[in-house]
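The structure appears below as structure tokens.
The values are calculated or read from the model by the stated rules, or taken from the named source; none is laboratory data. The shown structure was predicted, so the numbers you read here are calculated from the model rather than taken from an experiment. FYI the Cβ positions are ideal-geometry reconstructions off the backbone, even for glycines, and counts take in every protein chain you see.
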Amino acid sequence: LVARYLALGYDRLAADLVWVQTVQYFGEHVSAIPARLPRLRPLLELTVALDPHFVEAYQYGALFLWIAGDRQGALDFLQEGYLRNPAHWALPHDIGRFYFLILEDYPKALRWWTITQKLPGAPTYIPRFIARLEGRVGHRETALELWAAILNDPTTDEHFRKIARQEIERLLGSRPEGASTP
Amino acid sequence: VAKVLAIALNTFRETVRDKILYTLLVFAFAMIGAAAIFVQLSVRAEGRMVKDLGLAAISLIGTLMAIFVGITLVYKEVDRRTIYTIVAKPVRRSQFILGKYLGLLITLAVNVAAMAVGLLALGRVLEGQWQWVLLPGIWLIYVELTLVTALAVLFSAFTTPVLSATFTLCLFVIGRLSRDLVTLLPKLAGAGLRGVAFTLYYLLPNLQMFDIKGQVVAGQLPDPGWMVGATAYGLLYILFILAGTTIIFERRDFK
């Protein structure tokens, strides 16, 4: 709050300058990892305190934290960004990716990508991710419906139609699981 | 009107000869140009940085121009005693104040336009397209500058340049924080102080009205109602200040 007052309305510019400093700090110390980067978190906090809508700072700040070995910190930082910017698709998208790739928690990845899909500007590949994840977490019928919708969508290009057909065949070939439909 | 315009054009010619104006303009272009360097040091926020830095340069340097040229506008005439030759002519003091003020507004408009062209050109080079969406933001920066100029001219009518600069700068800071302060004060103080805070909030200029930088940098066109409202607010406030300046100046004895 004090930093925002001191910025006198130039808080976005101040956030940009602190962000440049954060990037430089990370760049200078990245080779020292797994050594601690004590200034990384305070610099990131200052950046987003000055501009709570600095989406790129949340996205790349979380990446820096993860590379620096702070997995929980990275996830918390992304979630803090989402709470402050609930209408921006990039943050729930990155949280979903974090759960999928790093924590391998597929139900949570599915939950976050479902949120992403509802937001304006969300990437067109999100429905495919969701369809695949529905199959992976055992929601076979839902996955089949989603893949069918992708296949029947006239805007889907031939490459993804082929993927949709393969996924449908794979799902039809697999055994229906107990709690298949959510 | 002819007399006001004559004074305005004369003031414009006078202010464009002011060296401080060129120094500040060089700083503004240096700041806008620095954006091209900063983008190399950042990650994924390049477009935003160029626009943030450019708009901040226009606002910051424009404010310094408004203050440093505005505070000497009337004072110089009195100090050099050229005011005697003007008040001896059939020119009302209100016309003199208005002419001086409009002259400085023309100077500011030329400078803001030059900085805006610089910013748009840099955006075109770095991002490959003209960022016309920034224009509403630049317009409201200009309206804010006209209000700051009116404050500087007000103080210039009755005190020294140093005090004028101090007072104008204080009001600029308060104006930039007024909305934040009004949300903070009720939490800290009792009912009496709360009343004072709200009265001050409505009396002092609310410069945050003119800040839509975040919105235009994000590529969003502002609400036309907001643009009209903020411009009308600025205009009304300026009329109020200029009326005050004229009253003070009318009462001054130049003997």
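Could you go through the range B:11-23 and let me know if any residue there is part of a helix (DSSP H, G or I), within 14 Å of another protein chain (Cβ to nearest Cβ) and either more than 29 Å from A:Leu44 (Cα to Cα) or of a type in the set (Val, Ile, Thr) (or both). No, the range B:11-23 has no match at all.
With respect to B:Ile20, determine if the residue is buried (at least 18 other Cβ atoms within 10 Å of the Cβ) and within 19 Å of the chain's Cα centre (by Cα). Considered against the rule, which asks whether it is buried (at least 18 other Cβ atoms within 10 Å of the Cβ) and within 19 Å of the chain's Cα centre (by Cα), B:Ile20 comes out as no. In the range A:98-112, the count of residues that are touching a Pro at 6+ places or on another chain (Cβ under 7 Å), part of a helix (DSSP H, G or I) and not acidic (Asp, Glu) is one or more. Whether a residue is within 14 Å of chain A (Cβ to nearest Cβ) and more than 17 Å from the chain's Cα centre (by Cα) was assessed, and B:Ser59 does not pass this test. Residues that are under 19 Å from the mean Cα position of the chain (by Cα) and either assigned to a loop (DSSP other than H, G, I, E, B) or more than 14 Å from every other protein chain (Cβ to nearest Cβ) (or both) within the range B:210-225 comprise B:Asp211, B:Ile212, listed in sequence order.
Here is the figure for the range B:126-154: residues that are within 30 Å of B:Thr72 (Cβ to Cβ) and free of Cβ contacts under 8 Å to residues at least 24 places away in the same chain total 0.
Looking across the range B:164-209, the residues that are among the hydrophobic types (A, V, I, L, M, F, W, C) and away from chain A (no Cβ under 14 Å) come down to B:Ala165, B:Phe167, B:Ala189, B:Ala191, B:Leu193, B:Val196, B:Ala197, B:Phe198, B:Leu200, B:Leu203, B:Leu204. Residue selection: B:Thr107 fails the criterion of being closer than 14 Å to B:Met65 by Cβ, assigned to a helix (DSSP H, G or I) and modelled with pLDDT of 95 or more. Counting only helices (runs of 4 or more DSSP H) that fall entirely inside the range A:1-61 and contain at least 3 residues that are in contact (Cβ under 8 Å) with a residue 24 or more places away in the chain, crowded, with 17+ Cβ neighbours inside 10 Å and more than 7 Å from chain B (Cβ to nearest Cβ), the qualifying elements are A:11-29, A:40-50. Working carefully through the options A:Ala122, A:Ala143, A:Ala109, find the one that is touching a Gly at 6+ places or on another chain (Cβ under 6 Å), closer than 24 Å to A:Ala74 by Cα and among the aliphatic types (A, V, I, L, M). Exactly one of A:Ala122, A:Ala143, A:Ala109 is touching a Gly at 6+ places or on another chain (Cβ under 6 Å), closer than 24 Å to A:Ala74 by Cα and among the aliphatic types (A, V, I, L, M), namely A:Ala109.
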